[in-house]
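Report on one structure; see the data block that follows.
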Amino acid sequence: MSPPVLSDLGYVLPDGGWGWAVVFGASISIGFAFTFPKAFTIYFKELQAAFSISYSQIAWTTSIMCATTYGGGPISSILVNRYGSRPVVMFGGLLCGVGMISAAFCTSILQLYICVGFITGLGLALNLQPSVIIIGKYFLKRRPIANGLAMAGSPVMLCTLAPLNQFLFDNFGWRGSFLILGAILLNCCVAGALFRPIGAATASAKPQDALKGKITEDATEMSSPKNVPVENKTEEEEGKGCCEKINRYLDFSLFKHRGFLIYLIGNVLMFLGFFAPIVFLAPYAKHTGIDEYSAAFLLSVLAIVDMVARPATGIIANSKWVRPRIQYFFSFAIAFNGACHLLCPLASNYMGLIVYSSFFGLAFGMVCAMLFETLMDLVGAARFTSAVGLVTIAECCTILLGPPIGGTLIDTFGDYKYMFIKCGAVMVLAGTFLFIMNYYNYRMLAKEEKKRKTKEEDPKSVRTENEGRNNWNRDTTQDGPELEPLREEQEGVKMETNGTNEV
Amino acid sequence: MPATFVGRCLGRLLLLLLCVSFSGGSPAGKYPVTTTQDASQSQANSLTKVQVGLNESSGPDLTTQDFKQPSKEHQSNGSFLQFEILLPGPPGTLLERNISLANATTVELSCKLDPDSHLKSPQVTWKRGNETISHTSKTEDSWSIKLVIVDSSKMGSYSCILKGEEEISATFYLHVPKIEAREKPIITYERDTAVMVCKSDSTPMAWTWYMMSGSKPVIINESLWTDKYLISRLSANVTRLRILKLTKEDAGVYWCEAVFELGKSEGKMKLKVLSIMAPLKPFIAIVAEVIILVTTIILYELYSKRKGKCTGEKACDQTEQLKSGESSSASHRKI
C-alpha cells in the first residue's frame, strides 16, 4: 500500500465532506465582501440630502470601504496565520455588524466614513481573505470547483442584497436599514462557524502515523497544537532571526517567488480595467438613449450570466486537460474580457449591448472564479495565506484607480468609447503578459522538477530532501508544489477513494 | 465651454429684445429680466436645434413631431415662443404638446399640415375648451394663434381642429413648471431630523412650505419656530425644509409651493415618523437567528467529533493520545 498523498500542508485534504459546508460558508462571506459596497450605493441620494453633502463626498464612503477591504489583506493574513480562519471570520462578522449598527446613529459624514467605511470595511477584509484561504485547506483535487462555487456567492448575493436594500430603505429609512443591515452582516459569523479548523492533527486518524514522521514546522493551523511539529519548531527556532518570525506571520519571502511575482504584476495591471466597465455600463446605456430600466436590465443580464459562469468555469478548470495548464486558461479569460471591451463601442443598439453584457458577464465570471485558484496553484496552499494578503493590498491601488481614470477619460473626451478601449487594451495586455510569463514559468518548473527527480534517485540526497521539506517556508524552492501531488494523485487515486479521509 | 454658451445666450436675448421692441407686441419692459435665467436658458426666435438625450433646458423643437413628452421651455420676460404640431403626423403618435411656462411670454401655437399627407384644404378652428379663438395668422398649410400670457388666466389647453374628410385635433397644454418632489414617503425617526427638498425647472418668485394640520393647510412660518423648522433656498430652483426634533405629531403631508408669474405649482410629500422599536424587531429576530445557527453548528461539531472518536478499532486508542491535544485545541478555538 503506497503512502497517502501529501500536499505541502502535511495532511490529506478531504476534497469533499465537510468541505462543501465550508464552500457554502465561504460563498456567503465572499458574497458580502464583494457586493456590500455596490449595494450600499442605494442610500447615496438620501444621505446626500440628510447630511447636505455632494455626491463625491458620499462616494468616499464606499471608496474607503473598498480600500479597507483590500488593504486589510495583510492584517487578515497575519491573523489567519496566527489564529486560523474561524476566529478571524467570526470576529470580522462582529466587526461588520458593529460598524453598521453604529452607523445607524451617525450624525455627521465623518462618523459615517469611520463606521461604514473603515470599521465595516475592515470587518469585510477579515471575512474575505480567510474564506478564500480555508478553501485551499479543504480541497485539492476539486479545488477549482470549490473556488468557482464559493466565488459564485458574489452575484447571488448581489441579486438578493440590491432589492433587499431597496425594500429596507422604503420601509425603514436609512437609519433603520443600517441597523438591520448590521444584523444581516452578523450572518458572516454563521459562515465563520462553518469553517471548522483543519490541520495535520485534526485530519483522519489512520494516516497519523505516516504524517507524524513527515510533518513540517510550517503547519498552517497554528491553533491546533501538534506534539511533533512543536518539537521541530523548537529545534528550528534557535538560530533563526526575527525575519523568520515575521515570515511566519506574513511571508515576505514570497516576493522572491517567481510565480507570485508574475501573478502580482499581471493582476495589478488587469485591475486597472476590470471594474470600470461595470461602473459605467448603465450610464453608457443611458447615454446612448436607452431608458433607465432597460439599462438596469443590462446589469441583471450580466449578474445572471456571471452567476452561471463561475461554477461552470470551476468545473472546466478542474478537468484534466485544463488543470495542469490553468494559468493559460486564466490568461485567456483575461484577454477575452479585454476583447469584449474593445468590441463594445461597435454595439450600436440595445440588442448589441445585451450581447455585450452577456459576454462580459461570462468573461467576468471566468476571471473571478479563477482569481484565487491560480494564486493557490502558483504558490501552494501553505503560503497562500500570506500571498493573498500581499496580493490584495497591491491590487488595492489599481482597483481604486480604475473607475476614476475611466471617469476622467469620459469627461475629457465626452465619449465612452475611449474608456472601453482603455480597459480592453489594459486587460488584453495583462492577459498576454500572463500568458507569456506563465509559459516561461511552466518551463522553469519543469526543469526544476527534472532536477529534483534526478536528485531523489540519488540516495545521498535523502537528507537534503528532508531539509528541503523543512525549509519549505523559505524562499529557496521555487516550484509549484501543486503539480507534484497532482501527478502522484493520479497514481494513488484509488487510495483516496478508499475513504481514508474522515472529517 | 460654458462661457461661450452664456455669450451666445446673451447675444440672442439682445436680438430678441430688439425684435420685440420693434414689433411693439409684448410688454417686455414691465418685467425685470433675471440674470440667472439667461445663463441657464437658450432663447429662440425661430427654429432651435433639436436636443436629444441631454438634460439641459432647451428651446422648443419646432421640427420634431411630438410624443407625449413634457418639454421644458423656460423663457425670460419679453420673449416670443413658437410651438408647432405637424398634422397628421407619424402614425401612433399623440397629437399633444406640453409646454411649461414660468414667466410672462408671448406664445404662438401653430398647426401645420404635413405636405405628404392626403388632407387638402381643411377647415381649421382653434378652441380653448368650448370657446373658439380666431386665427392670428394663416398660410396655405399652417394655422396659428398668438397668445400674450401675463397671468394664469390664459393657461390651459388649446386645440386646433382640422375638419376635412376626417376630423383631426391637436392639443397644446400650457402649464406652470412642475415641481420635483420625493414621491415615496420619507421615513424618519423620533428626535431625528427630516429633510425635504423641492426642485423646479424654472426659478420661482417665491417658495412656500405648507403642512397639513388637522384638515387645514398651515403655512410653515420659520420665524415663529426657529428651532423646529429651517427653510433654506439651496439655489434659485431648489428649496429645502428641515424639521428638527421630530415627534410623532410631525408625521403627515407637507407640500412646497412655487409661485411663478403665471401661477402656482406644488409638490407634495409624505412624512412618516417611526419609533426606534420599528426596525428593532427585525433586528432582534435576525440576531437571534444568528446566535441559534452558530450555537447549532458548534454543538453539531462537538457531537460529531465525540461520535467520530470511537469509530474504527485502532482509532479509539490513538484518540486517547490525541484527546489531550484536542481539548487544548478546542479551548483555542473558542474565542
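Residue farthest toward the positive end of the dipole of the range A:240-304, with Cβ of Lys/Arg at +1 and Asp/Glu at -1: which of A:Gly259, A:Phe274, A:Phe297?
So the residue furthest toward the plus end is A:Gly259.
Describe numerically, in nm with one decimal, the distance between label points set 7 Å from Cα along Cα→Cβ at A:Ser52 and at A:Lys320.
According to this spin-label approximation, the distance is 7.1 nm.
Note down the nm distance, to one decimal, between modelled labels 7 Å out along Cα→Cβ at A:Phe413 and at B:Glu140.
Taking the two extended label points, one gets 5.0 nm.
Could you pull out the pairs from B:Lys178/B:Lys264; B:Lys178/B:Lys228; B:Lys228/B:Lys281; A:Lys286/B:Lys184; B:Lys127/B:Lys154; A:Lys137/B:Lys309 whose alpha carbons sit more than 20 Å apart here?
B:Lys178/B:Lys228; B:Lys228/B:Lys281; A:Lys286/B:Lys184; A:Lys137/B:Lys309
Between the range B:182-198 and the range B:228-300, what is the C-alpha centre distance in whole Å?
Their Cα centres are 4 Å away from one another.
Which of the listed residues, B:Ala194, B:Ser157, B:Tyr173, is farthest toward the dipole's positive end in the range B:115-206, when Lys, Arg count +1 and Asp, Glu count -1 at the beta-carbon?
Going by the Cα projections, it comes out as B:Ala194.
Please report how far the C-alpha centroid of the range A:266-285 lies from that of the range A:401-437, rounded to the nearest whole angstrom.
When both Cα centres are located, 7 Å separates them.
For a bin width of 5 Å, list the pair-distance distribution of the range A:274-433 built from all Cα-Cα distances, rounded to whole %.
All Cα pairs considered, the percentages come to 2, 9, 16, 20, 20, 15, 9, 6, 3, 1, 0.
Coordinate-derived values only; no laboratory data. Just so you know, these numbers come straight off a predicted model, no measurement behind them. Neighbour counts run over all protein chains shown; Cβ positions are idealised from the backbone, glycine included.
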